[in-house]
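Read-outs throughout are calculated quantities, based only on the coordinates presented, and are distinct from any laboratory measurement. For clarity, every value in this text was computed on a predicted model and none was experimentally measured. Quick reminder, even Gly has a Cβ in these numbers, built from the backbone with ideal geometry, and neighbours come from all protein chains shown.
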Amino acid sequence: MYDIASKTPESIQNQRKLLGEYVRDLKIDSKEKLDQAITFLKGIAGQDVDLVTFDKMAGVGVDTSLASVEKAMHLFLEGRKTTLLAERY
């Protein structure tokens, strides 16, 4: 909550409640996601917030945990294993 209070410029002060709700509900669960949310809101300052676009731009629902990244990398590399071995990478 401190980051919300300290990072939101005057132009988006009216969106602090939205940011707080997203943090409370764990929709925004990292500093990176909060920074992206604030950047998006600054870009549309004074306009209505389309929550679908906001969710996408803030990374809502995107799992960036270490386990998730490792799993994605394993699947990516496994799918290219034959090519990688043939080309000696």
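Details
- Within the stretch 63-78, not a single residue is on the phi > 0 side of the Ramachandran plot and exposed (fewer than 13 other Cβ atoms within 10 Å of the Cβ).
- In the stretch 76-85, the residues that are part of a helix (DSSP H, G or I), more than 22 Å from the chain's Cα centre (by Cα) and not acidic (Asp, Glu): Leu77, Gly79, Lys81, Thr82, Thr83, Leu84, Leu85
- Residues of the stretch 42-62 that are of a type in the set (D, E, K, R) and exposed (fewer than 10 other Cβ atoms within 10 Å of the Cβ): Asp48 alone.
- Scan the stretch 8-41 for residues that are surrounded by 14 or more Cβ atoms within 10 Å (Cβ to Cβ), assigned to a helix (DSSP H, G or I) and either within 11 Å of the chain's Cα centre (by Cα) or not β-branched (Val, Ile, Thr) (or both) and the total you get is 14.
- Residue list for the stretch 42-75, restricted to those being under 24 Å from Glu10 (Cα atoms), in a loop (DSSP other than H, G, I, E, B) and not hydrophobic (A, V, I, L, M, F, W, C): Gly46, Gln47, Asp48, Asp50, Gly59
- Looking only at residues in the stretch 47-64 that are among the hydrophobic types (A, V, I, L, M, F, W, C) and more than 9 Å from the chain's Cα centre (by Cα), the one that is nearest to Lys31 (Cα to Cα) is Phe54.
- From the list Met73, Met57, the one residue that fits, being more than 19 Å from Lys7 (Cα to Cα) and among the aliphatic types (A, V, I, L, M), is Met73.
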